[in-house]
Amino acid sequence: MAKVGGIHEKDGASNNSNEIDNLVRFAIDDHNKKSNAQLELVKVLNVKQQVVAGTVYYITLEVKDGGQKKEYETKVWVKPWMDFKQVQEFKLVGDASSSFPTV
């Protein structure tokens, strides 16, 4: 059981769950609308969660932006009993292609 207030890694299997997929798509859609961008999800790299008044998810993801792979971090706050979801942060971490060896 997660300790209230602590940030914990989610195991790898749950990183690919429908819940996480829905949160990631929600965050990307929110960012695209606010920034007039067209980011597309490539894959989820890491998920952490913090139990507060609801749950805050810290998600690192790889996206395509105009054909280039980039890495972003997003923070999404969820209170399921209130049907509440809010993107609190969506920021560029770096160019994902620079972290992969070239062939």
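The values are calculated or read from the model by the stated rules, or taken from the named source; none is laboratory data. Quick caveat, the model's predicted, so the values are computed rather than measured. Glycine gets a Cβ as well: all are built from the backbone with ideal geometry, and neighbour counts include every protein chain shown. Protein only, heavy atoms only, side chains kept; ligands, DNA and RNA dropped before computing areas. Shrake-Rupley method; radii C 1.70, N 1.55, O 1.52, S 1.80 Å.
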> Can you pull out the residues in the stretch 27-50 that are hydrophobic (A, V, I, L, M, F, W, C) and open to solvent by 40 Å² or more (accessible area, probe 1.4 Å)?
Replying inline: 41, 42, 45
>> assigned to a strand (DSSP E or B), touching a residue at least 12 places away in the same chain (Cβ under 8 Å), open to solvent by 50 Å² or more (accessible area, probe 1.4 Å) and farther than 10 Å from residue 90 by Cβ: which single residue out of 70, 64 fits that description?
In response: 64
> Could we say that residue 38 is closer than 15 Å to residue 86 by Cβ and not in a helix (DSSP H, G or I) here?
Replying inline: no
> Residues of the stretch 84-98 being modelled with pLDDT under 95 and loosely packed, with under 12 Cβ neighbours inside 10 Å, which ones?
Replying inline: 94, 98
> Taking the stated definitions as given, is residue 48 modelled with pLDDT of 95 or more, assigned to a strand (DSSP E or B) and of a type in the set (Lys, Arg)?
Replying inline: yes
